Each structure stands twice: as C-alpha cells, then as structure tokens.
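First the structure, in the form of structure tokens, and then the observations on it.
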Amino acid sequence: MSSDPRVFATVDLGTATVAATLVGRAGGRWRLVAAGASPAGIEPDALLERLRSRLAGADPALARELRLEADGSAADLARLTCATAPAPEMTVVAASGRVLRPLVAAAEAAGWRVRGVALDGADILGVATALAHPRASAVLAGASDPPGADERSLLPELATLVAATAERRPGLVTVLAGGLAEPGGRAEGLFHPDRPGATVLAPAAAAGGGEPLRELLDGIRGRDDDGRRALARATGTLAEVLERRVEVLEIGRSGGLRAAAGWSPGQPSRARWAAPVAAALLPPGFTDRHLDTIIGWLTLPLDRLRVRDRLRELAVAPWGDAAGDGALLRVAAARAALERLLAATPAFDRLPAPELVVAAGGPWAVAPAPAVALALADVFRRPGVRALGQDHARLLAPLGTIDDDDERRRVMADLRDDLLVPLGSVVLPSGLRPGRPAGRMTIGPAAGATPAAMPAAAEGGAAGPPSAARGPAPVSELELVPGSLELVDLPPGSRAVLELHFRDTVDLGVRARHVAVEVTGGLGGLLVDLRDVPLRLPERLERRRDLLSAWQAALWPGVEA
Amino acid sequence: MSDRTWLAQVPVRRLLERDLEARFPLPPGDRPLVEVGTTVSAGDPLLEHLRDRRIEQVEVRPGLEGAAAAPAPGSRWSLPAGRRQDPAREGELLSPMPGGRDRWRLVTGGHRVALASPVAGEVTEVRPGAEIRVRPAGPAVRGGFAAGSAARGRLELATDPFGELRPGGIDVGRAGSILVVGARIDAEALTRARAMGVCGIVVASLPGKELRDFQASERRQRAALHPAPPFGVLVLDGALRRPIPGPLTRLLEDHAGQPVSLLVDPPALVFEDADPEPALPEPAWVRIRSGPNAGAEGRVLGLAGPRRFAANVVLEAAWVSIDGEPPVDVPLGDLERFA
C-alpha cells in the first residue's frame, strides 16, 4: 500500500457478503472514494470494477487523478484483504462442570464453536464420541491449577480418554490447560511426541481473567487475515485516533465480535475482544429459544411457523430478501444476536464505559442509520452518554490487517472522517423513578457551534412513540419523563451541550443529579432514552410489538407503526 | 463495464459440482469395511453400524488370544477362545483404564447392521470413531438442506416443477425410486412415500413444520428393531414455496429413469453419469430466488445501480425482464444465474 501513493482497495470477505472500498489520496490525505457490497461468491474484482466504474461516472476528474478512469484499472490495485470463515469446532472437556464453564467461555471468546463435556457422572461412551467428533479440529482438556478436590480423582481418566482420542486421530490439535499442563508431566507423557497434531500446554482458564488462554486458543484457530481479529486490532487504533474509549459490536453470519479499547496519551491502545459464535445472526444449533428471542424483537405480525421458515431462508441465502419484511426480520435477528453477544461477554461490562459505540457487520446494512442507532440503544443498556457510529463501508477490519502500528494509525487518522457514519448520541440514565417527571434537560449550542445548527427537542409521552421537533431555537428544554424515548434532531457534524437536572440522583455513568455534557449529532440525532435499564417490554406479544413498532416508526421512514 | 463484467455481479448457482465429499458417521464401535483409496460401487458395504452400544472392561494383554499385538484405541478385540462364547464380547478398544495398559474399555453392542454405500466413488478418509468420506465418481446437484438418510434409487419426476405431491398420489409402483416432487411436499406425504418403499424425495422447498414432523417420524423409525430402508429428503432451495428452477428441471428430466444417489451430508443429488453435459441457459438467464417475484425466471438486461425498495431499503439492483414484459428492478441478492 505504501508503495502506491495514489489509491488502494480494501476487501472484507464475509461469509454472507463481500464488501470492498477504494481509498485514494485526495488533498494530501487518504479518503474513502467508493464503497459497496455484494453477495458472497461474487469475485472481489467484479465488485471493485463496479466501484471504479461508478467513481469514473460520478467524478471523472478524481478518477483521472487516481488513474482509475480506464476499464479494469482497479484490478491491479494494492489490496488490504481480510476474511471471516465459519468457526472451527473444538471439544472442551473437564472433570466437572465447575471447571468446564470457564474453559468453554475462553474457547467461545476465541471464536471456536464449542462442544463442552464434563466427565463427572457422564457416560464414557458419550464423552469419547464427543471427543472424536468428525467436525472437531481440536480438543481442549483442562483442570484447575492446582486441581480441586472434586476433580483430582477424575484427572487420570480424563487424560487417558483424551490421549486415546489423539491416538485415534493423530492430526487432532490437543490443548492441555491448567493442572493438566505440567511440562513433561504425566498427562503430556501420554501423547506421542511425533504425531502430526500438536500438543499444546496452556494456562488455566482462571489465570489472567481467562485472557491468556483466550489468546492462545485464538492463535490456534489460525488465519492470519481473520476479519474479527483484524477488526479488534483496528478498534485499538480507532481509540487512539479518536482519543476516545471505543467499543465495537459486530454481528455476522458466522459469529460476532465485541472489542473494547481505551485510550491514554502517548500509550498504544490495545483492544480487549471476544468473538463468540453464539452471537452469529443465526447461531449454530438454532433452538426454539433463539426463535423466541427474535420474535420478541420483531415488529411484523408473523406467526411462529412463518418466522421460522423465513429464518431458514435467511440461513440458506443470507444475502437474499433484504428489502421490506426481510429487512425488519434481519434487524430483529441482529438485535437478538446483539443480546447474545452482550450476554456472552459479561467481563466487558466491568471495563470503563465507552464514549463511542460502533455497530459493525452486514445485517445492519439494510437498515437506515437512525434505526441502527435505536437498535443499539434498545440492547446496549449501559447507563451513560455516548456517541454511536457505524462501520458502514466495512473498512475497519481490512485496515486492521496493516501490520505496522504506525502506518495503520497514519492511514486511519487520515480516514477518521470517513470510517464511521455518525449515528448520533444517546443519553441513557438509570435509576429513574416511574410515575412522575424525573427532571428537565436543556439543550444549547456547544462552544463554537452556531444556533442554526441546533434544532429543538420536543417531549414525548411515557412509554409512547418517540417525538421530535425541528426548529432554529438556540436553546430548548425538555421535560424528562421516565419510560419515554425522546428524539432531538441533531444533524451530523453538529455539537450541543446538554444540561440535565434530575430530581433525584441517577446513574449516568457516574451518579449525579446535575450533569452537563457535550454531545455530537448524527443521522439519528440525539436519543434521550429514559426507558428502563435493562429494557422491560410487555410480556404479551401484540403489545410488545406495538410498542417496538411505535419506537421504530419514528426512526425508520417507510415502515409504518 | 462490459457485458461479462456486469454479469459477474449476479450471484452464480452451479448446476453441477464435482468436488464434494459424502460424509458417513463412524462413531466408536462402528466398524469400517473400507480403506482409504478403496473404490466403492453403490451397494458395496461401507461400514458395520453397532446397535445398542455399551462399554465393558476387558483384560487385553499382548499374547492373549484375541488381543492385538499392541492394543491401541480403535483396534478390534474379541473374547479369547476357550472361554464361554459370548458374541457380545467383541468390539473396538476405546481407551485403557487409567493406571494400567492391560485393562481396557471395550465398545461392544447387541448386533451389527451393515450399511451399504449409497454412492459410487473413492474412499478419501477413514477416521475410526469419527467418519468415513467418499468422493463420488459422478457430478452432483447441491441442495439447501436435507433430512433422513443417504439413499439410492431410480430418478422419477412425479409432478411438474410447480406441483405438490399429495399422499394419495404415492403408491407401491414408486418403490425403489427417488421422486422429484416439484414445489413442496408435506410430512404426511413423506412418511407415506417411505412406507411405500420410495427411497428419497427431491423437492424445491419444505416448510419447517413439515421438516420437524418428518424428522420426528424418522427418529422413531431408526430406533425400531427393524428399521425401514434408508430414506432421504433433499430440499433444493429453502422453506418458502417456489418451483424447481427451469435449468435444473431440464437436467433432472434428462436423467429420469437413471439411478441416482441422494446424500444428506452434504445435501446433494449425485448422478452416476460421469460426465453429463447440462444444457445451460444463456448467460443472462436468471431466476429470482426470493422477494416478491420469487420463483420467476427471466433475462437480466443490465445493472440498475442502487435502488430504493420496500421499507426504504436501498440495494444494488438489476433490470430483469420476465416473460418479455418491461423490465423490473430486482435486488442483485435476490437473483441467481446458472453456470
């Protein structure tokens, strides 16, 4: 990329779609000049040619400057490519359920599809069958370090079974963790040293909060160009470039990613991340519970059988039927997947709250930006004030494949205005007392902002549809009604100062009664979300659907409540 | 963009695939009857499936009759001669007992059922305790999903591509066949087909309810002491009703009356004709896979660029003319062309 100063291409090969961009030098810096996506299976060259052709038609001068005016001239561009693939499978085995759970969590966070087996009280034949499962490419056997009283008597059995499996399938990668991982110890001695599959000694699941084991298992998963690993790396750089705490929430066909990175001056940022397969749009082993969760977010009056059939269609052809009801179904499935992603990564909730949350992944591409903002607010219910963005061009992951930290930082700094679509900001307090106004909010222009860029807010009823008003008032006031969702039209590029005066102390990231905070605008404006934390929705499906539809209608033009 | 370039934006559905591998489970206790590199014909024994599997502890010392020279997981073992003959004390060594290499766990069971290969091809992998893989000799049509068991039979077209087969339309005259039944079928017709000796069903779509009902019935059948012969269902597209694609219908018509193999993992229909020449439609011929015109076929006239569709969704689209009518905008993701 550095060798060609004019233009380069990025390609994100997903399991459902392929996304590509053209990034060119304009005005002395890298700018995103074209972006698009196609169903998986379409050759990236064809997609890049489409982007080139469209650029040449829309801005011939820029195309000429970038030497992209001729047919086929995008084919030889330098490329940053990353790919995601269906998760490989791993059997995780431990003496007891207590030891098994953190091992399974570490393997899932590392992006493996996991089959967990506890030896205690289990049928040995079932354990052996699971260990030798034809789809499993690795086995993780672990014990506490030192082994607990409930597992000591079972460890010889465990080691023998795993060693026998490795003897049946010599190519199987075997990871011995914690108390089984003594170098040259009894367990390791059961494995032939010259078999084709590796025997890896790993730290215990409890060591370092599970992070060292997760990193080791991620390394075994392979693929240097893995899209989720690259996206996590780019998250760290994004935090450095924007000088903010950033959290990226990605939902894909084969899995999801939650990556969080902080920032401190002069320090390189490194993201903590997890990529559970359970957060896939339609996870493997789809059950009735998964179906119920999706139906719970669905704003369409479809019966259960019909929803199941539509989801099966989505699984077979994830790029098809993306308009109309198909878009609403996707966004409902994406909300459910986001819930699973957050549930699978509770440790992230103990990190400092992010200042910017980024939605990434193909399912969001069908929804308008304000609807994506609402989906994030619906599911990511961490109290605080934060900006929302979307990796609209799927540019972050390919940029994360740049090995050199400085070069990656330079390129992303150039592209900082193009990387994300600003969805808006969300104000999400918790601890409001229902049944009476919680206080008032004043919205005024930020220092340096013009009053004309500051449309006013309007009030909405409790648990009713969100309301919005537009106008040139420099300062406006809003009564804070618990249970309501208020929209303030704050366009992209504008900033405003919120002064929140609550009657009682609330949790807004910090516990306070009076808060003044600067927020940025976006396509979804400012969401003042006074609904419950966590969000409580009616049990009855019809009422629930009506409420979700009412919230969504204001943010998704073209979809009726 | 040239014609070739813009057509490359339309997703391709391959009529025939030649690189798939059929997978047959081989859990601990099952005995492979083939080796890697073996060429098998359809009907050749592939493995022995052990029913009512259980584990017993046995003493396995080298030198004892019945024991392998060096006992290893996955090797066969039988009761030494001179002791009470117990046919059940024969099986596969699973793993040594902890603490000693002489006492082993043995996977044994009630009786064995031979499984014949439903497809002709070459064995590419035998993993004791895991699976056998066979690369079919002939090309295959890949489906969306499948249920039941791999089977082999004579290909018959029971309805037109838009049709639906009712239970009353199946009789014993169809025994031994793999029926192509058009747009959809219900669970009742599937179970009747199995009872009438039909070997398999190929259908464009199968709703989830029918699939679950059939799978429950199939589980009961497999658990019976004398299970029914293998019977599989191959679903070409998905769960929502649509006809079988025209080019695929012509391919199936060309092979009517010939033996074919229906695979479940991966879902596919394998022809025995080693090198059939499918009559491919013109390159611009497309089928609308999903959306309001699902199932329709026509000619793609060009790329329309980004277009706004229902629910305010903007998608890349193409102009498609159906039955010579003026072109309509169809999202690229809803189209498939054939190659």
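Being under 18 Å from A:Ala37 (Cβ atoms), within 14 Å of chain B (Cβ to nearest Cβ) and touching a residue at least 40 places away in the same chain (Cβ under 8 Å) is the requirement here; does A:Val366 meet it?
Yes; evaluated as a whole, the condition is true for this residue.
Select from segment A:398-444 the residues that are polar (S, T, N, Q) and more than 20 Å from A:His514 (Cα to Cα) and list them in ascending order.
Selection gives A:Thr401 alone.
Kindly evaluate A:Arg340 against the criterion of being closer than 24 Å to B:Asn312 by Cα, open to solvent by 10 Å² or more (accessible area, probe 1.4 Å), at pLDDT 95 or above and outside any strand (DSSP E or B).
Against the criterion (closer than 24 Å to B:Asn312 by Cα, open to solvent by 10 Å² or more (accessible area, probe 1.4 Å), at pLDDT 95 or above and outside any strand (DSSP E or B)), A:Arg340 does not qualify.
I'm trying to understand the selection: among the residues of segment B:292-328, which are open to solvent by 50 Å² or more (accessible area, probe 1.4 Å), in contact with a Phe, Trp or Tyr (Cβ under 8 Å, 6 or more places away or on another chain), more than 21 Å from B:Leu240 (Cβ to Cβ) and part of a strand (DSSP E or B)? Before you say what the answer is, go through the steps one by one.
First, pick out the residues of segment B:292-328 that are open to solvent by 50 Å² or more (accessible area, probe 1.4 Å): B:292-293, B:299, B:301, B:306-308, B:310, B:314, B:319, B:323-328.
Keeping just the survivors that are in contact with a Phe, Trp or Tyr (Cβ under 8 Å, 6 or more places away or on another chain) gives B:299, B:301, B:327-328.
In the following step, the residues that additionally are more than 21 Å from B:Leu240 (Cβ to Cβ) were identified as B:299, B:301, B:327.
B:Arg299, B:Leu301, listed by residue number.
Can you tell me how many residues in segment A:516-560 are open to solvent by 30 Å² or more (accessible area, probe 1.4 Å), touching a strand residue (DSSP E or B) at 6+ places or on another chain (Cβ under 9 Å) and not in a loop (DSSP other than H, G, I, E, B)?
Number of matching residues: 4.
Output the residue which, of all residues in segment A:22-53 that are part of a loop (DSSP other than H, G, I, E, B) and either within 20 Å of A:Gly252 (Cβ to Cβ) or touching a residue at least 40 places away in the same chain (Cβ under 8 Å) (or both), is least open to solvent (accessible area, probe 1.4 Å). It would help to see each step written out before you state the result.
Filtering segment A:22-53 down to residues part of a loop (DSSP other than H, G, I, E, B) leaves A:27-28, A:40-43.
Restricting the remaining residues to those that are either within 20 Å of A:Gly252 (Cβ to Cβ) or touching a residue at least 40 places away in the same chain (Cβ under 8 Å) (or both) gives A:40-42.
Working: A:Ala40: 28, A:Gly41: 73, A:Ile42: 10 Å².
This residue is A:Ile42.
Determine if segment A:250-260 includes at least one residue that is part of a loop (DSSP other than H, G, I, E, B), open to solvent by 20 Å² or more (accessible area, probe 1.4 Å) and not aromatic (Phe, Trp, Tyr). Please lay out each step first, then the result.
Step one: filter segment A:250-260 for residues part of a loop (DSSP other than H, G, I, E, B), giving A:252-255.
Of the ones still in play, those that are also open to solvent by 20 Å² or more (accessible area, probe 1.4 Å) are A:253.
Adding the requirement that they be not aromatic (Phe, Trp, Tyr) leaves A:253.
Scanning segment A:250-260 turns up at least one residue that is part of a loop (DSSP other than H, G, I, E, B), open to solvent by 20 Å² or more (accessible area, probe 1.4 Å) and not aromatic (Phe, Trp, Tyr).
Among all residue pairs at least 6 apart or on different chains, which show Cβ distances below 6 Å where the first residue, located in segment A:302-330, is at the interface with another protein chain (Cβ under 9 Å from one of its Cβ atoms) and the second is among the aromatic types (Phe, Trp, Tyr)?
Taking only residues 6 or more apart or on different chains, the pairs are A:Ala323/B:Phe309.
Looking at segment B:18-41, I want the residues that are within 14 Å of chain A (Cβ to nearest Cβ) and have a partner that is outside any strand (DSSP E or B) and among the acidic types (Asp, Glu) with Cβ atoms under 6 Å, at least 6 apart or on another chain. Which pairs are those?
B:Arg23/B:Asp265
Select from segment A:213-228 the residues that are touching a strand residue (DSSP E or B) at 6+ places or on another chain (Cβ under 8 Å) and not aliphatic (A, V, I, L, M) and write down the one among them that is modelled with the lowest pLDDT.
The residue in question is A:Arg223.
Sort out which residues of segment A:80-130 are part of a loop (DSSP other than H, G, I, E, B) and either open to solvent by 30 Å² or more (accessible area, probe 1.4 Å) or among the hydroxyl-bearing types (Ser, Thr, Tyr) (or both), and write them in order of number. Quick ask: steps written out before the conclusion?
The initial filter retains those residues of segment A:80-130 that are part of a loop (DSSP other than H, G, I, E, B), namely A:84-88, A:95-96, A:110-112, A:119-123.
Scanning segment A:80-130 gives A:Thr84, A:Ala85, A:Pro86, A:Pro88, A:Ser96, A:Asp120, A:Gly121, A:Ala122, A:Asp123.
In segment B:158-171, which residue that is open to solvent by 30 Å² or more (accessible area, probe 1.4 Å) and out of contact with any strand residue (DSSP E or B) (no Cβ under 8 Å at 6 or more places or on another chain) is nearest to B:Glu48 (Cα to Cα)?
B:Asp171
For B:Ala223, work out the one condition from (1) among the small types (Gly, Ala, Ser); (2) open to solvent by 20 Å² or more (accessible area, probe 1.4 Å); (3) within 13 Å of chain A (Cβ to nearest Cβ) it doesn't fulfil.
Tallying (1) among the small types (Gly, Ala, Ser); (2) open to solvent by 20 Å² or more (accessible area, probe 1.4 Å); (3) within 13 Å of chain A (Cβ to nearest Cβ), B:Ala223 fails exactly one: (3).
Cβ-Cβ under 7 Å, sequence separation 6+ or interchain: first residue in segment A:54-83 and closer than 17 Å to B:Trp6 by Cβ and modelled with pLDDT under 95, partner surrounded by 13 or more Cβ atoms within 10 Å (Cβ to Cβ) and of a type in the set (Lys, Arg). Which pairs?
A:Ser73/A:Arg52; A:Ser73/A:Arg67; A:Ala74/A:Arg52
Would you pick out the residues in segment B:117-157 that are open to solvent by 50 Å² or more (accessible area, probe 1.4 Å), within 17 Å of the chain's Cα centre (by Cα) and within 17 Å of B:Ile178 (Cβ to Cβ)?
Correct list: B:Arg142, B:Arg152, B:Arg154.
Mind checking whether some residue in segment B:197-207 is open to solvent by 10 Å² or more (accessible area, probe 1.4 Å) and more than 14 Å from chain A (Cβ to nearest Cβ)?
Scanning segment B:197-207, I find at least one residue that is open to solvent by 10 Å² or more (accessible area, probe 1.4 Å) and more than 14 Å from chain A (Cβ to nearest Cβ), so the answer is yes.
Right, B:Glu253: more than 11 Å from chain A (Cβ to nearest Cβ), open to solvent by 20 Å² or more (accessible area, probe 1.4 Å) and free of Cβ contacts under 8 Å to residues at least 60 places away in the same chain or not? Outline the logic, then answer.
Details: more than 11 Å from chain A (Cβ to nearest Cβ): yes; open to solvent by 20 Å² or more (accessible area, probe 1.4 Å): yes; free of Cβ contacts under 8 Å to residues at least 60 places away in the same chain: no.
In short, no.
Identify all residues within segment A:543-552 that are of a type outside the set (Lys, Arg) and without any contact (Cβ under 8 Å) to a residue 60 or more places away in the chain; write none if there are none.
Hit for segment A:543-552 is A:Asp546, nothing else.
For residues in segment A:387-440 being in a helix (DSSP H, G or I) and touching a Lys or Arg at 6+ places or on another chain (Cβ under 7 Å), which is surrounded by the most Cβ atoms within 10 Å (Cβ to Cβ)?
Across segment A:387-440, the extreme among qualifying residues is A:Leu399.
Here are A:Gly236, A:Gly210, A:Gly256: which of them is touching a residue at least 12 places away in the same chain (Cβ under 8 Å) and in contact with an Asp or Glu (Cβ under 7 Å, 6 or more places away or on another chain)?
Values: A:Gly236 fails: in contact with an Asp or Glu (Cβ under 7 Å, 6 or more places away or on another chain); A:Gly210 fails: in contact with an Asp or Glu (Cβ under 7 Å, 6 or more places away or on another chain).
Testing whether each residue is touching a residue at least 12 places away in the same chain (Cβ under 8 Å) and in contact with an Asp or Glu (Cβ under 7 Å, 6 or more places away or on another chain) leaves just A:Gly256.
So that you can scan it fast, the table gives a plain yes or no per residue for (1) within 19 Å of B:Pro96 (Cα to Cα); (2) open to solvent by 20 Å² or more (accessible area, probe 1.4 Å); (3) away from chain B (no Cβ under 14 Å):
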position: A:Leu140; (1), (2), (3): no, no, yes
position: A:Pro146; (1), (2), (3): no, yes, yes
position: A:Arg152; (1), (2), (3): yes, yes, no
position: A:Ala159; (1), (2), (3): yes, no, no
position: A:Arg168; (1), (2), (3): yes, yes, no
position: A:Thr174; (1), (2), (3): yes, no, no
position: A:Arg186; (1), (2), (3): yes, yes, no
position: A:Leu190; (1), (2), (3): yes, yes, no
position: A:Pro203; (1), (2), (3): no, yes, yes
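For the condition surrounded by 20 or more Cβ atoms within 10 Å (Cβ to Cβ) and over 13 Å from the mean Cα position of the chain (by Cα), what is the one hit in A:Ala347, A:Ala367?
A:Ala367
Kindly indicate which of B:Leu115, B:Leu94 is facing another protein chain (nearest Cβ under 9 Å) and in contact (Cβ under 8 Å) with a residue 60 or more places away in the chain.
Numbers: B:Leu115 fails: facing another protein chain (nearest Cβ under 9 Å).
After ruling out the rest, the residue left standing is B:Leu94.
The values are calculated or read from the model by the stated rules, or taken from the named source; none is laboratory data. Remember, predicted model here, so these are calculated numbers, not experimental data. For neighbour counting, all protein chains shown are included, and Cβ atoms are generated from backbone atoms with ideal geometry for every residue, glycine included. Surface areas here come from the heavy atoms of the whole protein model, side chains and all, with no ligands, DNA or RNA. Shrake-Rupley method; radii C 1.70, N 1.55, O 1.52, S 1.80 Å.
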